[in-house]
Amino acid sequence: MTIPVHSHCLKMATRDDGTPWWTAFPEPKSQPEYIVAEEVAKLIEEEDEKGRTFLLVDVRRTDCTGGSVASSINLPAHSFFPTRKTVHELCTRAGIKNVIFYCGQSNGRGPRCAAWMKDYVEEAGGDLQSLVLTGGIKGWVKRYGGRMMDGYEEAVWER
């Protein structure tokens, strides 16, 4: 699977030998599925009524500024691959049905991590769904501003 990468992402995400960070790991075999912001917002809003059935994973690293979608955890993409098994086990034990990944625009790191997770679930078995938030955090902020965000910093998004 080939995922397009922006040159500015390469500058901040290269290994010591100059190759991109993800070349240290296998290429994903699967294509991730996407979920739109409105569906994620509905999950967040219904969480209190139905209980938690999803996990939001922000895979940004040095660009993790300006806030994150409410209740997200931050697992930087460069460290995600080795933790797939643990994430899968924790989600299974907690009754999580959907793991939703995002990065800046969800066109590189988010889809790559979601595909790695999907590959792992297919190998290990189970019904955990691995999804990508369409548009990433930038799409979320464009749609919702600071609503349903933790640590929202308006000045960051005005740039």
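Observations, loosely collected:
- Test: residue 99 is closer than 16 Å to residue 52 by Cβ, buried (at least 18 other Cβ atoms within 10 Å of the Cβ) and of a type in the set (Val, Ile, Thr): yes
- Taking the criterion of being under 22 Å from residue 121 (Cα atoms) and modelled with pLDDT under 95, the residues of the stretch 44-59 that qualify are 52, 53.
- Applying the set (1) touching a residue at least 40 places away in the same chain (Cβ under 8 Å); (2) part of a helix (DSSP H, G or I); (3) surrounded by fewer than 24 Cβ atoms within 10 Å (Cβ to Cβ) to residue 123 leaves exactly one unmet item: (1).
- The set of residues in the stretch 29-63 being in a loop (DSSP other than H, G, I, E, B) and either surrounded by 17 or more Cβ atoms within 10 Å (Cβ to Cβ) or of a type in the set (Asp, Glu) (or both) consists of 32, 59, 60, 61, 63.
Matching residues to (1) in contact (Cβ under 8 Å) with a residue 40 or more places away in the chain; (2) of a type in the set (A, V, I, L, M); (3) in a loop (DSSP other than H, G, I, E, B):
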| residue | (1), (2), (3) |
| --- | --- |
| 66 | yes, no, yes |
| 85 | no, no, no |
| 89 | no, no, no |
| 92 | no, no, no |
| 99 | yes, yes, no |
| 113 | yes, no, no |
| 116 | yes, no, no |
| 119 | yes, no, no |
| 130 | yes, no, no |
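- Residues of the stretch 99-155 that turn out to be farther than 23 Å from residue 42 by Cα and in contact with a Leu (Cβ under 6 Å, 6 or more places away or on another chain), as a count: 1
- Identity of the residue in the stretch 132-156, β-branched (Val, Ile, Thr) and in a helix (DSSP H, G or I), that ends up surrounded by the fewest Cβ atoms within 10 Å (Cβ to Cβ): 156
The values are calculated or read from the model by the stated rules, or taken from the named source; none is laboratory data. Computed from a prediction, not measured in an experiment: that's the story for all the values here. Positions of Cβ are generated from backbone atoms using ideal geometry, with glycine treated the same way; all protein chains shown enter the neighbour counts.
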